[in-house]
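The values are calculated or read from the model by the stated rules, or taken from the named source; none is laboratory data. In this text, all values refer to a predicted model and were calculated from it rather than measured experimentally. Reconstructed Cβ throughout: ideal geometry from the backbone, glycine too, with neighbour counts over all protein chains shown. Just the protein is used for accessible areas: all its heavy atoms, side chains included, with ligands, DNA and RNA removed. Shrake-Rupley method; radii C 1.70, N 1.55, O 1.52, S 1.80 Å.
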Amino acid sequence: MMFPPSYETAVVLVCIALCAVVIAVSLRHKLGLVTGVVMAALSCVLCMVCARGYYLLVAGPGFRFRLFPDTPYDYGFGGGVLGFVAALYLTALITRKPFARVSDAFAPVGLLGIAGLRMAEALSDFGWGDMLDTPWLQRYPFAIPNMYDEWCSAVFNLEALCALVILAVLLIGGEKLKGRRLATGLVWWAVSQVFCESLRVESITWGFIRVQQLLSAVIVMVVMLVGTLRLAHGKRKQTLPLWGGYVFSCGMVIFLEFAIDKMPWPTWVNYVVMALVLILLGTCAQKLIHKPSCGKE
């Protein structure tokens, strides 16, 4: 008897596949079987716990903590990403391997997981954008029909594509990104999330603030702050233009979020400008990551 696929089933299958990939990558990078098993186990536990805790934190009071809620949608994706970073740190600590080496090996696997989990949202009822009226776009993977058979943009597929592009950059970067893969992956994932979250119809918000966009801005800020603190005290002033780019980009994104439905020009113009501003944001962070004293083990 064949059962229809469900979102929960897809998530479980993605997680099982990722555990196998983690172990294979650990062996490939000569980190050992134990490191792979530890990383796989910690990733499963911490990603789930942090995703659930993040959702309860940002969704507000009225929710009690249960690791397995009534609906599989009551998890926060951003929390899962933070849980993965925590798993990297604890794996390095437990196995006594350099954190830079562990994060370089497993950061691409995290992006692969993001892509897989985002594509699994095709089986859910979230991750959609506005309705599409263009006939040639009314098909998968550009759009997905809702319960009323209206074609809505498949934002989750765009998020998956962004993760795969960042994954390719990390793999192609090779030695140039040695010790910097995690920071690079986090920055560009966060940048892409700001854009994609703006396209989503449903988001967790604090007033007018989309929480996922706020988290993304904080992640970029933390990466830049760590990079700045790693510089010699006399060289930190050199980062001021980069921080200026960060502040300018965040300000422009806030303005464009307000302007999306209020300006006389087409909405797509706002999104093009937002994309360019976010590329500037990512570039500022990336330049700071690549400062000579950053990314050392």
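Computed quantities for the displayed model
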item: Output for region 134-158, where each listed residue is closer than 18 Å to residue 117 by Cβ and of a type in the set (Gly, Ala, Ser); result: 154
item: Verdict on residue 113 being under 19 Å from the mean Cα position of the chain (by Cα), of a type outside the set (Ser, Thr, Tyr), open to solvent by less than 10 Å² (accessible area, probe 1.4 Å) and closer than 22 Å to residue 278 by Cα; result: no
item: Residues that are in contact with a helix residue (DSSP H, G or I) (Cβ under 6 Å, 6 or more places away or on another chain) and either aromatic (Phe, Trp, Tyr) or modelled with pLDDT under 95 (or both), drawn from region 83-94; result: 84
item: Residue within region 25-32 that is open to solvent by 50 Å² or more (accessible area, probe 1.4 Å), of a type in the set (A, V, I, L, M, F, W, C) and under 21 Å from residue 99 (Cβ atoms) present; result: yes
item: Tabulated pairs, region 140-156, first in contact (Cβ under 8 Å) with a residue 24 or more places away in the chain, second of a type in the set (S, T, N, Q), C-beta under 6 angstrom, 6+ apart or interchain; result: 152/146
item: Of residues in region 122-149 being farther than 23 Å from residue 204 by Cα and among the charged types (D, E, K, R), the one surrounded by the most Cβ atoms within 10 Å (Cβ to Cβ); result: 139
item: Top-ranked residue of region 67-82 - restricted to ones that are surrounded by fewer than 19 Cβ atoms within 10 Å (Cβ to Cβ) and under 20 Å from the mean Cα position of the chain (by Cα), ranked as modelled with the highest pLDDT; result: 74
item: Any hit, region 42-62, residues being over 25 Å from residue 159 (Cα atoms) and either touching a Gly at 6+ places or on another chain (Cβ under 6 Å) or at pLDDT 85 or above (or both); result: no
item: Output for region 212-264, where each listed residue is within 24 Å of the chain's Cα centre (by Cα) and among the β-branched types (Val, Ile, Thr); result: 218, 219, 220, 222, 223, 226, 228, 247, 253, 254, 260
item: Leading residue by the ranking (farthest from residue 208 (Cα to Cα)) among those in region 231-252 that are aliphatic (A, V, I, L, M) and touching a helix residue (DSSP H, G or I) at 6+ places or on another chain (Cβ under 6 Å); result: 242
item: Residue match in region 88-97 (condition: of a type in the set (A, V, I, L, M) and without any contact (Cβ under 8 Å) to a residue 12 or more places away in the chain); result: yes
